[in-house]
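The values are calculated or read from the model by the stated rules, or taken from the named source; none is laboratory data. Since we're looking at a predicted model, the values are computed, not measured. Neighbour counts run over all protein chains shown; Cβ positions are idealised from the backbone, glycine included.
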Amino acid sequence: MGGYGSGQRGYLSKTTVEDCLKLDANDYARWGCFKYDFCSGSSRWTRNGNQTGACGHRVIINNFESSIIFSYIYGGEEHPDVKVKLSGYNPGFGGKRYFFVCPVCGQRKRTLHIKFGEIACRCCHNLTYESCKQSHYFDSAYQQMAFGMTIPWKAVKKYMSISMRAAQKDPKRPRGRPRKLTT
């Protein structure tokens, strides 16, 4: 179980976080959206100089509610506004830190993602990271390193760990409790 080639391939593989548009609470805090009772603006996403998406937002923070309303266009059609509640706490060093409350599961999340026009957290959209899909990408190349011969993967990993340890420099002093010098 879980060996080489056991993961999903092709059309069955999960959508990645990198393929979706990301809404990050830290970005909105950095832009000063959570400092005022009412704030509005827009966000744009680009990839390779081309705009991939845009989203308008309105932040409402008062004694009764804290929320942010997203309005965006998906697939050429205007999507209905999505109201996302905000949850905050006061960290020990002062100020206030805000999180989004996922509109699907209701959990506090730092980032929400837009997939197929819907806003939800990574877990609700069943997203994975690109690095998780590429974990065994180079396995076959490492196995055929030496003159085209097939080498067991465990031997390659052991060789790599030994060579990495040898490349590290020796510590300047012995590890452990320092000794008292006697004169």
Restricting the first residue to the stretch 57-70 and requiring it to be on the phi < 0 side of the Ramachandran plot, which pairs with a second residue that is in a loop (DSSP other than H, G, I, E, B) meet a Cβ separation below 6 Å and a spacing of at least six or different chains?
Val59/Cys33; Ile61/Asp37; Asn62/Asp37; Ile69/Asp81
Got a sec? Which of Arg30, Arg97, Arg122, Arg58 is within 28 Å of Ser13 (Cβ to Cβ) and not aromatic (Phe, Trp, Tyr)?
Arg122
Phe34: passes all of (1) surrounded by 10 or more Cβ atoms within 10 Å (Cβ to Cβ); (2) not in a loop (DSSP other than H, G, I, E, B) but (2)
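Would you mind stating whether Tyr11 is in a loop (DSSP other than H, G, I, E, B), modelled with pLDDT under 80 and of a type in the set (Phe, Trp, Tyr)?
Considered against the rule, which asks whether it is in a loop (DSSP other than H, G, I, E, B), modelled with pLDDT under 80 and of a type in the set (Phe, Trp, Tyr), Tyr11 comes out as no.
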Condition test on Arg44, is it assigned by TED's automatic domain parsing to the domain that holds Arg110, charged (D, E, K, R), surrounded by 14 or more Cβ atoms within 10 Å (Cβ to Cβ) and more than 21 Å from Cys123 (Cα to Cα)?
no
